[in-house]
Amino acid sequence: MRRMIRIMTNLPDMMAQMRDLMTPSTRSTDGGSTNNMVQPEAPQKTITTGIDAIMKRCNHQEPAKMVNDILTGMYSNQYLAGRTLTGVSGSGKEAKEPMDPEVVNGIIERVTASFPKTAPSLVRGMMRQKLANAVKTVRRKTEQ
């Protein structure tokens, strides 16, 4: 999912580079041709920039949709299916890996900033529901 988002954000630049490659190369003043090689991709942007890009694409109408969009923008369903918010299993099942507490708190802060009337406990519940839905999705895909 992250790769697809990165491709979509870089699409205009890639199209411009393709147009440059398709145009006939021009001659420089010394008689040699100019180099129309595509420059290597710029180093990855900081994590904050990536989160800001995800936030721009998120649904800002409902907190549950925003939580869902943030989590699916940051992680794959496979990753989410193997995690819980705290790492503790409440039903006696095998405990899963906990999500990074800084990420969980960051998501809660961003959602509560966008929806001030939404309590942090509700946002945690929305995140828990997304993790449960990811388990169902992964299970359904592996059964097919």
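When region 114-144 is filtered for residues that are hydrophobic (A, V, I, L, M, F, W, C) and closer than 11 Å to PRO63 by Cβ, the ones remaining, listed by number, are PHE115, ALA119, LEU122, VAL123, MET126, MET127. Considered as a group, the residues in region 77-94 that are open to solvent by 60 Å² or more (accessible area, probe 1.4 Å) and of a type outside the set (D, E, K, R) include one that is nearest to SER121 (Cα to Cα), and that residue is THR86. Only one of the listed residues (VAL111, VAL103) is part of a helix (DSSP H, G or I), free of Cβ contacts under 8 Å to residues at least 40 places away in the same chain and surrounded by 15 or more Cβ atoms within 10 Å (Cβ to Cβ). That residue is VAL103.
The set of residues in region 114-133 that are farther than 19 Å from THR84 by Cβ and assigned to a helix (DSSP H, G or I) contains only SER114. Close contacts from region 59-70, counting a first residue that is in contact (Cβ under 8 Å) with a residue 12 or more places away in the chain and a second that is open to solvent by 50 Å² or more (accessible area, probe 1.4 Å) and not in a helix (DSSP H, G or I), with Cβ to Cβ under 7 Å and a gap of 6+ residues or different chains, come to MET66/HIS60. Taken as a whole, the structure leaves ALA64 outside the set of residues that are at pLDDT 60 or above, part of a helix (DSSP H, G or I), farther than 28 Å from ARG139 by Cα and open to solvent by less than 70 Å² (accessible area, probe 1.4 Å).
The values are calculated or read from the model by the stated rules, or taken from the named source; none is laboratory data. These numbers were taken from a predicted model, which means no experiment stands behind them. We place every Cβ from the backbone using ideal geometry, glycine too, and count neighbours over all the protein chains shown. Heads up: the accessible areas ignore ligands, DNA and RNA and are worked out on the full protein's heavy atoms, side chains in. Shrake-Rupley method; radii C 1.70, N 1.55, O 1.52, S 1.80 Å.
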